[in-house]
Amino acid sequence: MQLAPYRSVLRIPGMRLFMLVALVARIPTTATSTALTLSIVLDRHLGYGAAGGVSAAFTVGLAVGSPLLGRAVDRRGPRPVLCLTGLAALAFWSTASLLPFDALIPAAVIGGVLQVPTFGLVRQSLAARVPEEQRRQAFSLDSMAVEVSFMVGPALAVLMITQLGDAVSTMRAVGVTTALAAAVMWVYNPRVTAEGQTAAGAGAAGAALAHPARRGWLRSHFLLVLGVATAATTVLAGTEVSIVATLREHNQVSWAGVTIIVWCAASLVGGFVHGAMPRPLGMLTLMALLGALTIPVGLAHDWPLLALALVPAGLLCAPTIAQTIVAVSRAVPESARGEAIGLHSAALTLGNALGAPLAGAAIDHSSPAFGFASVGLVGTVGMLAAMAAITLRHVRRPSPATPPPSPPLPTPLTRTASRSPSIPAARSAPDSAPLETPAAAVPAPLRSTEPTANGASGE
């Protein structure tokens, strides 16, 4: 394990300030789901089913809006997008508690579409700031920062609601802090292109090179990365639901927060180790292990054992997500990176939307242990199938055909060459100039006409 790569990343000019700004700007975004759910349950006195419907509508908006806003960042830069989404967030979260429930669902969709793209913008800027050989360490730091944000944001939302007695003030606080985060990012104006290319890109606005066609990068490898991202958050969302269900079955719900903090702390450690390893595990291997180690977690029956059982899978959470972001940054050209990272964010959102109901259905029909097993099995089987497909594709790939050897060309002989039949003449010489034989000449029968195999192997 080596710490030097982390030091080299943090020595990049402006990197430490950027990571601090990104950490603070993400906290309001992580509190949105908790604030929205508790607002429906506590203030409107509706059930969790209604709260889930509004959250699902907001999630649909996030999935639709992430690639659209990413494409807008690619074309217009971050500042216009931050201005629009910051104002939209302030409007939605300040008025959502005043809307009737029937109007809240379509408003939640619009609020999700125009959610401030803090996560995607930070990752796009990281990919532009950091050289490719250091991106694994940079995105490992980013994944650890995300874990810290998710440990702080929802806890602050719950604390505010319990202290203030209602969720209206908390909803408005989320709106104000989200708009402030957008304003801070607007002032900071994160760079989304590599240094030295910004001016060139601005001067060539509208050129085909600046906006490559999707068919050039939206291919099977990129779709596989999106599938891994979806599978990862499916496992994580299902695990979170299963944790609460397991502790509730044993009357230990009050320990859910501590258990989840242990799980997140393991993810932090795993992300740090992943970035420091000289030869890390691959994306598919990480995902398969994450699913496999989640399956047996449900065998624990009280919170200390459950927290310990979550540690092995927790160690793989941040590395798996980080490795998918690294793969996205490498798979697409820089001028399309915003849209690609937006699609990656949509894939993460889709996994969150799938994981909770999948685990919930398994829990309702059997027990909380099957909640862990169901999402873990989906992740493991999916990645093993992907590995098998990739291996089969490599096995079936035809080897490059070896061209047949070309027949030797007839060599014209001069008077001098004809005196030495074992030495071919390389070129004809005039009658008045005798052909000199090189000292290192090789006899013709020993000279091979077989083509070399250097560079002929396919990948």
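The values are calculated or read from the model by the stated rules, or taken from the named source; none is laboratory data. In this text the structure is predicted, and so the values were computed from the model without any measurement. For neighbour counting, all protein chains shown are included, and Cβ atoms are generated from backbone atoms with ideal geometry for every residue, glycine included.
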From 96, 89, 138, residue being small (Gly, Ala, Ser) and closer than 18 Å to residue 349 by Cβ
89
Please go through (1) outside any helix (DSSP H, G or I); (2) over 30 Å from residue 217 (Cα atoms) for residue 115 and return the number of the only condition it doesn't satisfy.
(2)
Out of all the residues in segment 77-99, is one or more in a loop (DSSP other than H, G, I, E, B) and modelled with pLDDT of 90 or more?
yes
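Residues 134, 115, 124: which one is surrounded by fewer than 22 Cβ atoms within 10 Å (Cβ to Cβ), of a type in the set (S, T, N, Q) and touching a residue at least 40 places away in the same chain (Cβ under 8 Å)?
134
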For segment 264-272, check the following and say yes or no: at least one residue is under 17 Å from residue 155 (Cα atoms) and either buried (at least 23 other Cβ atoms within 10 Å of the Cβ) or assigned by TED's automatic domain parsing to the domain that holds residue 355 (or both).
yes
On the given criteria, is residue 239 touching a Pro at 6+ places or on another chain (Cβ under 6 Å), at pLDDT 85 or above and more than 21 Å from residue 343 (Cβ to Cβ)?
no
Any idea which of 15, 19 is under 20 Å from residue 181 (Cα atoms) and surrounded by fewer than 18 Cβ atoms within 10 Å (Cβ to Cβ)?
15
Among (1) touching a Ser or Thr at 6+ places or on another chain (Cβ under 6 Å); (2) within 25 Å of residue 134 (Cβ to Cβ), where does residue 292 come up short?
(2)
Within the bounds of segment 34-49, is there any residue that is part of a loop (DSSP other than H, G, I, E, B), surrounded by fewer than 19 Cβ atoms within 10 Å (Cβ to Cβ) and free of Cβ contacts under 8 Å to residues at least 40 places away in the same chain?
yes
When you scan segment 266-296, how many residues do you find that are over 20 Å from the mean Cα position of the chain (by Cα) and within 18 Å of residue 240 (Cβ to Cβ)?
4
Taking residue 53, is it touching a Ser or Thr at 6+ places or on another chain (Cβ under 9 Å) and under 22 Å from residue 230 (Cα atoms)?
no
Pick from segment 348-392, criterion buried (at least 17 other Cβ atoms within 10 Å of the Cβ) and polar (S, T, N, Q), ranking: nearest to residue 298 (Cα to Cα):
374
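Could you say which residue among 89, 107 is farther than 22 Å from residue 121 by Cα and either in contact with an Asp or Glu (Cβ under 8 Å, 6 or more places away or on another chain) or surrounded by 16 or more Cβ atoms within 10 Å (Cβ to Cβ) (or both)?
Checking each option against the conditions leaves just 107.
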Can you tell me which residue among 12, 27 is under 24 Å from the mean Cα position of the chain (by Cα) and assigned to a loop (DSSP other than H, G, I, E, B)?
12
Pick from 80, 67: which is under 27 Å from the mean Cα position of the chain (by Cα) and free of Cβ contacts under 8 Å to residues at least 24 places away in the same chain?
80
Tally, over segment 283-305, of residues that are modelled with pLDDT of 90 or more and either closer than 12 Å to residue 317 by Cα or surrounded by fewer than 15 Cβ atoms within 10 Å (Cβ to Cβ) (or both)
12
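Within segment 147-169, which residues are touching a residue at least 60 places away in the same chain (Cβ under 8 Å) and under 14 Å from residue 28 (Cα atoms)?
Selection gives 147, 148, 149, 150, 151, 152, 153, 154, 155, 156, 157, 158.
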Yes or no: segment 43-58 includes at least one residue that is among the basic types (Lys, Arg) and closer than 16 Å to residue 171 by Cα.
yes
Result of the Cβ filter at 8 Å on segment 296-309, keeping first residues that are assigned to a loop (DSSP other than H, G, I, E, B) and partners that are among the hydrophobic types (A, V, I, L, M, F, W, C), at least 6 apart or interchain, is 300/306; 300/308; 300/309
